[in-house]
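The structure appears right after this line, and notes come after that.
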Amino acid sequence: MIIMILKPIVNPMKPIMTNVVITSLLLLAPLSWAVLAAPPKKPEPCICNPHTTTTTTEFRAQAFAKAFIYEQDISEAFKYIAQDYINHNPAAQNGFDSAWDILSPIWAEQNITAQRTAFEYPQSWLGYHNVEFGDVVDRYRWDGGCIVEHVSVT
């Protein structure tokens with residue numbers, strides 16, 4: 001917060017006047033945060049490794065869930081998505097870039113309540129409530145430690 005107080009200004013032509021200017025960035029914060037917030041940093045897509053174990057894939061699925069629905073860190077979450085991933089959402093095209101372009105501008109502002117997660121190789125599920133879209137269950141298919149396919153049910 002910046003507060004600036006000016007001392008009294010004496011004008012010989014007028015009676016003594018006191019000008020006090022208080023500027024508070026807090027008053028402008030809701031507007032300035034939206035304008036000044038840096039966009040999320042786009043990560044490199046996940047590169048599939050055919051030697052990734054089931055245990056490692058489960059660990060990666062948990063890390064993805066934490067980033068995506070618990071922390072809403074879209075940059076961290078997208079580190080687990082392959083470049084050519086298949087998206088069965090009719091509102092989106094296939095691929096990492098299409099999903100990033102849709103989600104990255106809005107994800108941090110979504111009002112989400114995580115409900116459940118599950119993993120059974122080669123799939124993971126995220127259940128959550130999104131105030132804007134309602135209850136959502138996302139199913140992800142993993143291959144080589146990366147998300148290669150997504151189906152969403154709302």
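What follows is calculated from the coordinates using simple rules that are stated; it is not laboratory data. Just so it is clear, the structure is predicted and the values come from calculations on it, not from any experiment. Methodologically, a virtual Cβ is constructed for each residue, glycine included, from the backbone with ideal geometry; neighbour enumeration extends over all protein chains shown.
What the table below lists for this structure:
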quantity	calculated
From phi via Karplus (6.51, -1.76, 1.60), per-residue ³J(HN,Hα) for region 76-90 in Hz, x at Gly/Pro	5, 4, 6, 5, 9, 9, 6, 4, 9, 5, 8, 10, 8, 6, x
Least to most buried among Tyr80, Tyr121, Tyr128 (fewest other Cβ within 10 Å first)	Tyr121, Tyr128, Tyr80
Most positive-pole-ward Cα, Gln72, Ala118, Val148, against dipole of region 54-153 from beta carbon charges	Ala118
Equivalent ellipsoid semi-axes - Cα gyration tensor, region 54-153, angstrom	19, 16, 13
Full-extension gain in nm, Ile47 to Gln62, via 0.36 nm per residue minus C-alpha separation	3.6 nm
Amide H within-cut-off set for Ile81, under 5 Å, with H built and near neighbours excluded	Cys46, Ile147
Average projected area [Cα convex hull, region 111-154], square nanometres	3.0
Residues with amide H under 5 Å from that of Gln115, placed H, sequence gap 5 or more	Gly127, Tyr128, His129
Modelled FRET efficiency - R0 22 Å, Lys79 with Thr55, Cβ distances, 0.05 increments	0.75
Two-site label geometry, His88 and Arg139: point separation in nm, points 7 Å out along Cα→Cβ	0.5
